[in-house]
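Please read the structure below before turning to the comments.
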Amino acid sequence: MQHHQTVVNRQTFKVIRVLRGAISTTLGAMLLTSLVPSSAVAISGQKTIPALQVAQMINGTFTDAKIRLNNVDLNGYGRYLKDDWYKPNDSYFQFMGKKQPIALQHWTGRREKGYMRWYYYINNVNTEAVTLRHESNRYVFRAFFESSDREIKGLCRWKKAVGKNKGKYTQCKPSGNDRPAPDGDFNHAKVQIALKPIVRNGGIVLTIPQRNDVKIGGDLQIQGVLGWFNRIEDAVENYGKRKVGDAIFHAFQDPQRQTTMQQRTAQAIRRLNAFSGFINVRPVRFKPNGDLVVAYNIKVDKSLVSTALKQVQHPRQGKACKGTMDLMATFKSRYPAKLTYQFEGENGALSQKQTLALASKTPKTITLKRRTGGPGTTKHMVQLPRRGKRLKVSGKSRAHWSFVIDGQSVSGKTPWQPYAIYCPVPQQSPAQLRELQS
């Protein structure tokens, strides 16, 4: 370490003898106060997240959840005749990034001794909301449906009895319309499932204990007065509910979707404000009432601690010329910590390491009695207002520190803290003064 300095040699006056007497001790003779060695208290812990907040958090992972039910293609309907308007592969349950197909066939039947054929389809039914709520100590999944059209579409065909197309189906009578096969509505359609949450690999997985836990609600009504339409309603409704329930059950049981759910919920838990500044955040278990217990560790970095080093300004600095001066170091930690520190002087000499315990958010002040005038310091004469000539002794110090918080450590150094003292100069001969000023 290089320092510009003016070394004072061959002085006989009292001040110089005091300063030179301190050179051999430097930082090795630092005297410290308030040292109480101890260990830090562990601060990793657990927090309980209320079930309602857990449900809201998981809801955020359902952004792509959707049910679509459709098995009819009405493109061109009313302009030309098709024997069948069936559209396959357009019904599914989308969940956790994958589509689970719902195999919905159309329903067909004959009347009038087989001369009239009816076709019934599910027409463009989609969920308008998918939610997870916590009710009566249960996590309940619900999907609500909307449709801008008739949910059940009926089409009619008539079997020709005469002519060259005898035996083939054509438009229904009268006027070729579909009034003999009235449309229907699926009122109050919804899906409801009581789910069982489990903790897995740092996240949450929602499972369906049994197939019959998937409840499909709603009432299908076809606009007709004949009892025969009631049989159609029952057939279409029961068939559709069974197919939708099967698809949802299998989607929740799918290992790949469960892995996606576990990853999404793990990320959502870490993003909760309650765990800002923590690391290794992971769910531990669910309580019987649905609350979630989450464990965490403190993320230890320099933002959790503060350090400072400054010179103590005495009313009369001249007394420091007796060989020592005071520096004050202040250490503070946001959490209980074990502090290890030592001081360094301008010549690179280090004091012995010291260890003490810090309470949470309570500053600890260490007083350092620093020997003055050691190697690396500079000394020269200065003229002070109203005080006359003084011998200025300048140097610097800094603190090396290490905090151990919750088993993790963070370390560093304070900036160099310069110091200066001004010593009275006894009466000197002109030659001695010129030598001090050189």
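For this structure, a couple of remarks:
- Residue check for Ala65: farther than 30 Å from Arg390 by Cβ, at pLDDT 90 or above and either surrounded by fewer than 12 Cβ atoms within 10 Å (Cβ to Cβ) or not β-branched (Val, Ile, Thr) (or both): yes
- Inter-residue pairs, beta-carbon under 8 Å, first outside any strand (DSSP E or B) and modelled with pLDDT of 85 or more and in the stretch 363-390, second surrounded by fewer than 17 Cβ atoms within 10 Å (Cβ to Cβ) and hydroxyl-bearing (Ser, Thr, Tyr), 6+ apart: Pro363/Thr330
- Check on Lys215, buried (at least 17 other Cβ atoms within 10 Å of the Cβ), without any contact (Cβ under 8 Å) to a residue 40 or more places away in the chain and not polar (S, T, N, Q): no
- Among (1) closer than 23 Å to Asn71 by Cβ; (2) modelled with pLDDT under 75, the one test that Val214 misses: (2)
- With respect to being touching a Phe, Trp or Tyr at 6+ places or on another chain (Cβ under 9 Å), in the same structural domain as Val312 (by TED's automatic domain parsing) and either more than 26 Å from Glu346 (Cβ to Cβ) or in contact (Cβ under 8 Å) with a residue 40 or more places away in the chain (or both), Thr414 fits the description.
- Exactly one residue among Tyr341, Tyr335 is closer than 19 Å to Ser409 by Cβ, at pLDDT 90 or above and not polar (S, T, N, Q), and that residue is Tyr341.
- Meets criteria (assigned to a helix (DSSP H, G or I) and surrounded by 14 or more Cβ atoms within 10 Å (Cβ to Cβ)) for Gln221: no
The values are calculated or read from the model by the stated rules, or taken from the named source; none is laboratory data. The structure displayed is predicted, hence computed values, not measured ones. Cβ atoms come from the backbone with ideal geometry, glycine included; neighbour counts cover every protein chain shown.
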